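Since the structure comes first, as structure tokens, the remarks are kept for the end.
The values are calculated or read from the model by the stated rules, or taken from the named source; none is laboratory data. Keep in mind that what you see is a predicted model, and the values were worked out from it rather than measured. Ideal geometry is used to build each Cβ from the backbone, glycine not excepted, and the neighbour counts take in all protein chains shown.
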């Protein structure tokens with residue numbers, strides 16, 4: 001939604017602009033007003049909104065979850081820093097732990113891979129120097 005609507009209209013988009021930018025062919029999920037293929041009543045109840053039946057109605061759920069803001073009238077905006085799921089929903093401990101693990105992996109795996117690569121390069125350089133190679137094996 002951010003790339004297709006909000007940026008095109010100065011950071012906020014009306015429901016009609018979101019609908020116009022929705023591209024069912026890119027997701028294979030059908031038209032904007034078609035019924036959702038997944039039911040979300042459990043999450044809607046936890047967020048205090050009616051369960052969405054279409055993508056258009058999903059906007060209310062996204063606002064209630066804190067992922068999208070609205071001016072209360074007609075314009076929607078994707079939030080800069082979305083809240084974590086466990087901060088918005090009451091989740092079972094196991095599901096909350098799974099989400100935290102997935103979040104940590106997504107945040108830190110690239111950094112850990114970089115550290116591992118630098119550590120391997122430093123070890124190879126130290127090994128080469130110990131063997132008398134002043135170029136560090138390069």
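Six or more apart or on different chains, Cβ atoms under 6 Å: show the pairs whose first residue is in region 45-60 and over 20 Å from residue 14 (Cα atoms) and whose second is surrounded by fewer than 16 Cβ atoms within 10 Å (Cβ to Cβ).
Listed by first residue and then by second, the contacts come to 51/41.
Among the residues of region 82-98, write down those that are closer than 18 Å to residue 62 by Cβ and surrounded by fewer than 12 Cβ atoms within 10 Å (Cβ to Cβ). Give the derivation first.
In the first step, residues of region 82-98 are kept if they are closer than 18 Å to residue 62 by Cβ; the result is 82-89, 91.
Matches in region 82-98: 87 only.
Determine which member of the set 73, 16, 39 is in a loop (DSSP other than H, G, I, E, B) and either modelled with pLDDT of 90 or more or over 30 Å from residue 97 (Cβ atoms) (or both). Break it down into steps so the answer makes sense when it comes.
Numbers: 16 fails: in a loop (DSSP other than H, G, I, E, B); 39 fails: either modelled with pLDDT of 90 or more or over 30 Å from residue 97 (Cβ atoms) (or both).
The match here is 73.
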